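Engineer: Before we start, here is the structure in question, set down as structure tokens.
Read the figures in this text as sums done on the coordinates, not as results from a lab. Not measured: the values here are computed from a predicted model. Using ideal geometry, Cβ is built from the backbone for each residue, glycine included, and neighbour counts are taken over all protein chains shown.
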Amino acid sequence: MSNMATREAYGLALARIVKENDDVVVLDADLSPATKTCYAKEARPDRFINAGIAESNMVGMAAGMAASHMKPFASSFAMFLAGRAFEQIRNSIAYPHLNVKLCATHAGITVGEDGATHQCNEDLALMRALPGMTVLQPCDAVETREMLNYLVNYNHPCYVRMSRLGVDSIYDENYKFELGKISTIIQGKSIAFIASGIMVSEALIAIEQLNQEGIYPSLYNVHTIKPIDQDKINSIAKSYDYVMTLEEHNVIGGLFSAVVEALKIPKIIYPIGIKDTFGESGTPEALMKKYEIHYTNIIDYTKEIMGHE
């Protein structure tokens, strides 16, 4: 699964899941070729519903199906699902605690040329604030597939955040998804990178270059933003001189906020993320550099906080 977007892996996994489970239904807001739910439509057209460009209606439909003991997976772009349909998610899914999987693609600034209106950097903050909402973000195709396999039998409201940008596989076929547990990818020393989503891949590139300069960061993948692994966060905070969070999201309300909220000890956490601003149109790489979440920014910031020339 080399260089595959998590949205692509989602579509492939969902197609298999809907074929194997009669109680699963897939809903989309007229974006199935982009969200990749088109694969589920091809696999099981009788279990696919196109709600049209009406995300709020789609969420209401999904809530009704969940109340009728079905397992709906509702998809759209992060901006439209978490943003436009927030009220319906809050009142019709989170409040009654219904088993709806809200699967958002095209999150973050790496949506690219579509520009600021489509680059949702606030969705984790919105979904984390909802009582009882599980919030997830896979880092690669393998993790996406295993996450979906788990969620089929997880009877709680969930928000899954996925990307348009392709990333190389980080995990192999032996990977097992564990809800609420931080995954250790590299064990280093002195500094720890706590990353989520596509930033895990960026961190790996940065680490390869930092190693050549005698800096050996550890890397931890946070696939479960809520409930976050509080014990592991505090263990990391105690074990390293420096701790950095890496996210393709506003540092307000996202991974950085979740990590700081989980701390039980005094610790400075250094954030890499979107600094309280909107994006703009551009290539994903150009935008990552401008908004300082590119692997080169990780390298520079690491050396700065560690006092290296």
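Engineer: Determine the alpha carbon to alpha carbon distance for each of Lys226/Lys303; Lys19/Lys181; Lys19/Lys71; Lys41/Lys71; Lys189/Lys238 and list only those over 19 Å.
Structural biologist: Those over the limit are Lys226/Lys303; Lys19/Lys181.
Engineer: Next question, about the same structure. Have a look at the DSSP beta bridges in the chain and tell me what percent are antiparallel, nearest 5.
Structural biologist: The antiparallel fraction comes to roughly 15 percent.
Engineer: Taking the alpha-carbon distance from Lys267 and a cut-off under 16 Å, which aspartates and glutamates remain once sequence neighbours fewer than 8 residues away in the same chain are dropped?
Structural biologist: Cα-Cα hits under 16 Å: Asp231, Asp241.
Engineer: When only Cα pairs under 8 Å and 6 or more residues apart are kept, what is the percent relative contact order across the range 4-167?
Structural biologist: 28 percent
Engineer: In what sequence do Val26, Val222, Val142 fall when counting other Cβ within 10 Å, fewest first?
Structural biologist: The most exposed by this proxy come first: Val142, Val222, Val26.
Engineer: Once the other residues with Cβ under 13 Å from the Cβ of Gly197 are scored (Lys, Arg +1; Asp, Glu -1), what is the net sum?
Structural biologist: Result for the local shell: -3.
Engineer: How many angstrom separate the Cα center of the range 130-149 from the Cα center of the range 239-276?
Structural biologist: Spelled out, the Cα-based centre of one part sits 20 Å from the other.
Engineer: Using the Cα centre as the reference, give the magnitude of the dipole from point charges on the C-beta atoms of the chain (Lys, Arg: +1; Asp, Glu: -1; all else neutral), rounded to the nearest 20 debye. Working shown, then result.
Structural biologist: On the way: 27 positive and 37 negative charges, 166 e Å.
Taking the Cα centre of the chain as origin, the dipole is about 800 debye.
Engineer: Also: Assign unit charges at the C-beta atoms only (+1 for Lys and Arg, -1 for Asp and Glu), then state the dipole size of the range 183-306 relative to its Cα centre in Debye, rounded to the nearest 20.
Structural biologist: Once rounded to the nearest 20, the dipole reads 380 debye.
Engineer: Follow-up question, since we're still on this one. Using the count of nearby Cβ atoms within 10 Å as a rough guide to exposure, how do Asp114, Asp241 rank from fewest to most?
Structural biologist: Numbers: Asp114 14, Asp241 11.
Lowest to highest Cβ neighbour count: Asp241, Asp114.
Engineer: Starting from the 7 Å offset along Cα-to-Cβ, what nm value, one decimal, do you get for the label separation of Asn234 and Glu213?
Structural biologist: Between Asn234 and Glu213, the label points sit 3.4 nm apart.
Engineer: Another one. Please arrange Asp172, Asp28, Asp300 by counting, for each residue, the other beta carbons lying within 10 Å of its beta carbon, fewest first.
Structural biologist: The fewest-first ordering by Cβ neighbours comes to Asp172, Asp300, Asp28.
Engineer: Say we join alpha carbon atoms closer than 10 Å with springs in a Gaussian network model of the chain; which of Lys181, Lys19, Lys71 then has the biggest fluctuation?
Structural biologist: Lys19
Engineer: Continuing with this model, one more query. Helix-only mean residue ellipticity at 222 nm, the chain, DSSP H runs n ≥ 4 weighted -39,500 (n - 2.57), per residue, nearest 500. What is it?
Structural biologist: -10000 deg cm²/dmol
Engineer: Now for a different question. Sort 189-201, 149-161 by the packing proxy (mean of other Cβ within 10 Å over each peptide's residues), most packed first. Show your work: numbers first, answer last.
Structural biologist: On the way: 189-201: 25.2, 149-161: 19.0.
Highest mean packing first, the order is 189-201, 149-161.
Engineer: Just checking my list (i) 44, 23, 19; (ii) 32, 19, 18; (iii) 44, 22, 16 against semi-axes √(5λ) of the Cα gyration tensor in Å computed from this structure; which label fits?
Structural biologist: Computed from the coordinates, semi-axes √(5λ) of the Cα gyration tensor in Å corresponds to (ii).
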